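Single-structure report; data block below.
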Amino acid sequence: MSVNEQDNVKRVSLGCDHGAVDEKLTIKRYLETLGYVVKDVGCQSGERVDYPDIAAAVCRKVTSGDCERGIMLDGAGIGSSMACNKVRGIRAALCYNLRTVINSREHNNANVLTLGGPLHDAGELCEMVRVWLQTRFPGGRHLARVNKIMALERGGDY
């Protein structure tokens, strides 16, 4: 998939653990009002789940091409970020404000966003998600660095 195709986001994989169900539902409704197709991979209730399972499901939607981008929420976003970044082809970014959201796209071409759902109010979450989905990756000097990140995944030779 080329850089330009990755920036034409229509389908978003969305998941959360039991600690961020309400925030996930808020984001899902918001994205649907903006015209995105949201593939909700769970969880659906406050019943305890293991976030790596949901994070992997979010990432599989992205790596398969079923979705252009993915969003994963948990209590702090840290564990989900770690789990997502173990999936080949994923560049997950834990973001906590608009500045890090924009940086993750413009500098790192992140294809999965992880958030600590309960750490933000609904307005902040929706704004961060909207900006992240709309921010384009310019390539240029950042492309070589992203390629080096991906080379590390293939064994470290670049």
(request) Calculate the dipole size of the chain relative to its Cα centre from +1 charges on Lys and Arg beta carbons and -1 charges on Asp and Glu beta carbons; express the result in debye to the nearest 20. (result) 600 debye
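Please work out how many pairs of lysine residues in the chain are eight or more positions apart (or on different chains) and have Cα atoms closer than 15 angstrom.
Values: LYS10/LYS28; LYS10/LYS39; LYS10/LYS61; LYS24/LYS39; LYS28/LYS39; LYS39/LYS61; LYS61/LYS86.
Lysine pairs satisfying the spacing and distance rule in the chain number 7.
What relative contact order, as a whole-number percentage, does the chain give when Cα pairs under 8 Å and 6 or more residues apart are counted?
Reported relative contact order: 24 percent.
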(request) As a check on your grasp of the helix formula, calculate [θ] at 222 nm for the chain: sum -39500 (n - 2.57) over DSSP H runs of n ≥ 4, divide by the residue count, round to the nearest 500. (result) -14000 deg cm²/dmol
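For GLN134 and ASP66, what does the FRET efficiency come to when R0 = 25 Å and r is the distance between their Cβ atoms, rounded to the nearest 0.05?
Working: r = 20 Å, r/R0 = 0.82.
Working from the Cβ atoms, E equals 0.75.
Which of the peptides 112-118, 78-84, 59-65 is most tightly packed, and how do the rest follow, going by the mean number of other Cβ atoms within 10 Å of each residue?
Numbers: 112-118: 25.7, 78-84: 21.7, 59-65: 18.1.
Ranked from most to least packed, the peptides come out as 112-118, 78-84, 59-65.
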(request) Could you tell me which of ALA83, THR63, GLY19 has its Cα farthest along the dipole of the chain towards the positive end, charges placed at Cβ (Lys, Arg +1; Asp, Glu -1), taken about the Cα centre? (result) THR63
(request) May I ask for log10 I(q)/I(0) of the chain at q = 0.10, 0.11, 0.16 Å⁻¹, from a Debye sum over the Cα atoms as equal point scatterers with solvent left out? (result) -0.31, -0.37, -0.80
(request) Can you tell me the FRET efficiency between ASN8 and ALA151 if r is taken as the Cβ-Cβ distance and R0 is 30 Å, rounded to the nearest 0.05? (result) 0.75
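Each value in this text was obtained by applying a stated rule to the coordinates, not by laboratory testing. These figures come from a predicted structure and were not determined experimentally. Heads up, the Cβs are rebuilt from the backbone with ideal geometry, glycines too, and the neighbour counts pull from every protein chain shown.
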